[in-house]
1. Has segment 280-298 got at least one residue that is free of Cβ contacts under 8 Å to residues at least 12 places away in the same chain, surrounded by fewer than 16 Cβ atoms within 10 Å (Cβ to Cβ) and of a type outside the set (Asp, Glu)?
2. Counting only residues that are out of contact with any Leu (no Cβ under 6 Å at 6 or more places or on another chain) and over 17 Å from residue 50 (Cβ atoms), how many does segment 101-125 have?
3. For segment 245-272: of the residues being in contact with a Gly (Cβ under 9 Å, 6 or more places away or on another chain) and outside any helix (DSSP H, G or I), which is farthest from residue 309 (Cα to Cα)?
4. Restricting segment 295-333 to residues that are of a type in the set (S, T, N, Q) and in a helix (DSSP H, G or I), which is nearest to residue 371 (Cα to Cα)?
5. Within segment 331-373, count every residue that is of a type in the set (A, V, I, L, M) and more than 19 Å from the chain's Cα centre (by Cα).
6. Could you tell me whether residue 388 is buried (at least 24 other Cβ atoms within 10 Å of the Cβ), of a type in the set (Ser, Thr, Tyr) and more than 19 Å from residue 231 (Cβ to Cβ)?
7. Of all helices (runs of 4 or more DSSP H) completely enclosed by segment 1-82, which ones contain at least 2 residues that are of a type outside the set (Phe, Trp, Tyr), at pLDDT 80 or above and farther than 26 Å from residue 194 by Cβ?
Amino acid sequence: MSDTGSRSGTGSREAIRLGDGLRRWLFRPPRRHGEVDTDRTVSFLELFYDLVYVVLIGQAAHALAEDVSWRGTVTFAVVFGLIWIAWLNGTLFYELHGREDGRTRSMIFLQMLLLALMAAYVGHADGEDGRTLAVLYALLLVLLSWQWYSVYRQDPPEYRRTPRQYLVVMLAGIALVVVSAPLSADARLGVWALFVLGWCAVESGVLVGWRRNPAYNVVTDSMVERFGLFIIIVLGEVVVGVVDGLANADRTALVVTTGLLGLAVGFGFWWSYADLVARQPPREARASLAAWMFIHLPMTMAVAAAGAGMVGLIEHADDGRTPGALSFLMSGSVAVMFLTVVAVLPTLEVYGRRASAYFSVQVVFTGAAVASLLIGWSRPAPWLLALSLQLLLLVTWVFVFVRWLREGRLVNEV
């Protein structure tokens, strides 16, 4: 047997010099557009990265729990939008261009340092802390833009048009966030809202235009799993809200019952997403991929908002009627969950194969969203509000279960 065969048979390799190893580990460029790794799985680093974002979301949800008002809700929605946009940028970069090397890890950890600093200011984003938050967020966008530019520099000419558009939007967003820093709290919040809405709208258009003539596959199992895992991690805010509420209340039978009923609403969120959306890849062509991605923004926001509302439900457990803003926060969160599931279903690959079954689900979920808002408008006692919303989620899932059985399969079977 030759020496080459012996080495390949035993799996031994020649040693790599320290200098060459460091250069390869730390300075290897990211994957170019088109170099999609379809066999990769979600890494521990990505999960660690997501947990830092959930800390930011937790701080924003805590601020909402302390100020369940229309202004507090709007502030939460805008700040959540900022957080989600940053998460989407970091997630897509790692998915499309990241490597398991020192360069990628270093850039992720650098982002996490900025995110940890941002978390200290998110809770008072509608006050003076908003100025510092704007500066830190702009720095985060600069770092993310540099990563995308590092890919653009090495892309072949046929792939550069869409990344160039993406970078232009990112730079415009950085300028807008920087301009917002010295403004008053209300004006700054308005600029941030403009940034969130504008960025999502423009980038959706860029993505739709790109996928009309797709140059390579983008949707991978790891990307679909990443979005689903983020929803599940944010669902932890529902548990945190219930635990915080119970920890700071007199734990009477009514208070504990209200908390557990509220937690069951979170179970309903999980069930709806896990059985209808999770692990189902979207279609790549035209608007489906963009819609699938950006519908996850209000869906995830609804989950986090419901978690914030749990604290108020427990705090007011002894009230005869739920306070108006709190009632609409909870019922609105459930309604948004129903409606975002309705909206996301047509974007899935599986929808075309079972259009009639999914259409019936869309009809029932739309009716459930209306019923949820009516429940919120009626402002029942907190325990009854939680129970009503939980039963609404249960009834819709039972409908899905029975509908799938009629097709000879169980829910979440492909």
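The values are calculated or read from the model by the stated rules, or taken from the named source; none is laboratory data. Because the structure is a prediction, the values reported are computed rather than measured. Cβ placement follows ideal geometry from the backbone for every residue including glycine, while neighbour counts extend to all protein chains displayed.
1. Looking for residues that are free of Cβ contacts under 8 Å to residues at least 12 places away in the same chain, surrounded by fewer than 16 Cβ atoms within 10 Å (Cβ to Cβ) and of a type outside the set (Asp, Glu), one finds none in segment 280-298, hence no.
2. The total comes to 5.
3. Filtering first and then ranking leaves 251.
4. Here is the first cut: in segment 295-333, the residues of a type in the set (S, T, N, Q) are 300, 322, 327, 331, 333.
Pick out the ones that are also in a helix (DSSP H, G or I) and you get 300, 327, 331, 333.
On the way: 300: 21, 327: 13, 331: 9, 333: 13 Å.
Only one residue tops the list, namely 331.
5. Within segment 331-373, residues that are of a type in the set (A, V, I, L, M) and more than 19 Å from the chain's Cα centre (by Cα) number 11.
6. Values: buried (at least 24 other Cβ atoms within 10 Å of the Cβ): no; of a type in the set (Ser, Thr, Tyr): yes; more than 19 Å from residue 231 (Cβ to Cβ): yes.
No, not satisfied.
7. Filter on segment 1-82 gives 44-66.
This table checks each residue for (1) closer than 19 Å to residue 68 by Cα; (2) surrounded by fewer than 20 Cβ atoms within 10 Å (Cβ to Cβ).
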| residue | (1), (2) |
| --- | --- |
| 319 | yes, yes |
| 333 | yes, no |
| 341 | no, no |
| 369 | no, no |
